[in-house]
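So the structure is just underneath, and the comments pick up after that.
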Amino acid sequence: MIEVNEKSISLRNSKCLPFYLFKSILFIMKCATVSIIGRPSSGKSTLVNTICERKISITAKTPQTTRNAIRGIFTDARGQLILTDTPGYHLNDQKMNLKLQETTRSTLSEADMILYVIDSKREGGVEELAIIDIIKKSRAPIVIAINKQDIAKEKELESTKEFIISHFPTSPICLISASLDTGVDELLIELYKLAPEGPLLYGDEEFTDQPLEFRIAEIIREKAIIGVTEEIPHAIFVDIVDMEHNVEENSIWIRASINVEKESQKGIIVGRGGEGIKKIRQASFKEIKRIFPGMKVQLDLRVKAVNKWRKKQSILDRLLN
Ligand SMILES: Nc1nc2c(ncn2[C@@H]2O[C@H](COP(=O)(O)OP(=O)(O)OP(=O)(O)O)[C@@H](O)[C@H]2O)c(=O)[nH]1
Ligand SMILES: [Mg+2]
């Protein structure tokens with residue numbers, strides 16, 4: 001068993017401390033599962049990372065980065081919020097997308113609360129209305145975060161707010177910037193107001209329930225996505241082929257395969273003279289090292305073509321469970 005030694009005490013604990021300490025002394029703790037829903041690239045994963053103050057879920061400019069329901073656990077003196085990041089809800093009937101939609105819908109049905117993240121820079125179209133439709137079918141309380149406040153014009157923020165109020169007149173709305181961490185404390189206050197009272201479901205040191213191999217594969221996928229454009233980010237998946245822990249040497253050796261859909265895409269990942277893969281390795285290594293402080297880490301990356309994997313049910317079932 002590999003020991004992971006990451007500190008998880010949140011700095012947010014220090015904010016508004018006397019009031020929350022008082023509540024925790026009285027044992028009035030809140031605990032809620034919160035499903036985070038929104039269009040691709042609205043900033044859901046960035047928000048989970050900002051709330052939990054660590055990398056829980058990978059992020060990228062490319063839409064449809066998140067492919068699984070990914071839990072981030074936030075604990076402070078008020079209680080615990082189990083935040084489930086979901087794949088961005090996208091209207092498209094390709095096999096893989098249908099599976100992603102299913103993941104998003106099923107987390108919604110299991111959640112105590114819904115946090116709807118809307119991008120203030122994008123006009124609400126058919127896709128936004130489809131999300132609103134799904135949310136309205138749920139009985140769970142809804143909190144809305146209008147995101148990317150930092151880059152939106154006043155007019156854009158106002159029209160997004162009007163649009164939201166027309167659909168959810170009684171739900172709390174917060175203007176936030178997930179990447180700059182503005183408005184996020186206010187958002188947490190709204191979430192806690194609606195969260196039910198109850199015992200904590202996870203220990204206060206826990207911050208995610210993702211298996212270690214999955215986290216490592218996701219870090220590598222994020223770094224591989226950064227350097228490529230168009231269809232390639234969607235054509236990538238990462239497998240951890242082997243992972244060995246040498247106790248005497250206090251080292252961990254990881255071999256991972258970056259898989260693409262066609263032979264012709266391999267060269268794009270590898271890059272000229274291996275520059276691309278070198279960058280992916282260096283960036284991944286830096287983050288993986290943080291998971292294993294004090295340990296010697298070796299990372300070996302391969303690039304492989306897995307022909308038309310997005311059409312293969314067995315691979316989709318394995319990756320998108
Ligand atoms: N300027 C700005 N950019 C943001 C903000 N939040 C997220 N972004 C950027 O928006 C892009 C998408 O962010 P993600 O967090 O990956 O979005 P997502 O909703 O999880 O996307 P999917 O996983 O594809 O559904 C990234 O490039 C983020 O850096 C924000 O508050 N301000
Ligand atoms: Mg995401």
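The numbers here are math on the coordinates, done by the rules we state, and not lab data. Bear in mind the structure is a predicted one, so any value in this text is a computation, not a measurement. Here Cβ is always computed from backbone atoms with ideal geometry, including for glycine, and neighbour counts include all displayed protein chains.
Projected over every direction and averaged, the convex hull enclosing the alpha-carbon atoms of the stretch 11-194 yields 10.1 nm².
Computed from Cα atoms, the angle from the helix 275-291 axis to the main principal axis of the chain rounds to 50 degrees. The long axis of helix 212-226 is offset from the longest Cα principal axis of the chain by roughly 80 degrees. Taking a ≥ b ≥ c as the square roots of the eigenvalues of the Cα gyration tensor of the chain, is the shape rounded (a/c under 1.5), prolate (a/b larger than b/c) or oblate? Because a/c hits 1.5 or more and a/b fails to exceed b/c, the chain counts as oblate. Across the stretch 284-321, the residues whose backbone nitrogen lies under 20 Å from the label position 7 Å along the beta-carbon direction of Leu98 are 308-321. Between Asn321 and Glu123, the C-beta separation translates, for a Förster distance of 41 Å, into a calculated FRET efficiency of about 0.75. For the chain, the relative contact order comes to 18 percent (Cα pairs under 8 Å, sequence separation of at least 6).
Between the stretch 59-107 and the stretch 238-290, the alpha-carbon centres lie 25 Å apart.
By the count of other C-beta atoms within 10 Å, a proxy for reagent exposure, Tyr116, Tyr202 are ordered fewest to most as Tyr202, Tyr116. Extension gain for Trp253-Ser159 works out to 28.7 nm (0.36 nm per residue, less the C-alpha to C-alpha distance).
In order along the stretch 31-38, phi translates into HN-Hα couplings of 8, 9, 8, 10, 8, 9, 10, x Hz, rounded to whole numbers, per the Karplus curve 6.51 cos²θ - 1.76 cosθ + 1.60 with θ = phi - 60° and x for Gly and Pro.
Build a GNM of the chain with springs between Cα atoms under 10 Å apart, and of Pro211, Pro172, Pro141 the one that fluctuates most is Pro211. Between Ser138 and Leu91, the modelled labels are 2.0 nm apart [label points 7 Å from Cα along Cα→Cβ].
Taking Ser35, Ser177, Ser106 in turn, the Gaussian network model of the chain (Cα-Cα springs below 10 Å) assigns the largest fluctuation to Ser106. Taking every DSSP beta bridge that has both ends in the chain, the antiparallel portion is near 40%. The residues Ser57, Ser171, Ser41, Ser264, when put in order of fewest to most other Cβ atoms within 10 Å, stand as Ser264, Ser171, Ser41, Ser57. Each other residue within a Cβ distance under 13 Å of Ser166 adds +1 if Lys or Arg and -1 if Asp or Glu, for a net charge of -1.
Sparse packing (at most 13 other Cβ atoms within 10 Å of the Cβ) combined with a DSSP loop state is found for the following trypsin sites (Lys or Arg not before Pro) in the stretch 128-188: Arg139, Lys153.
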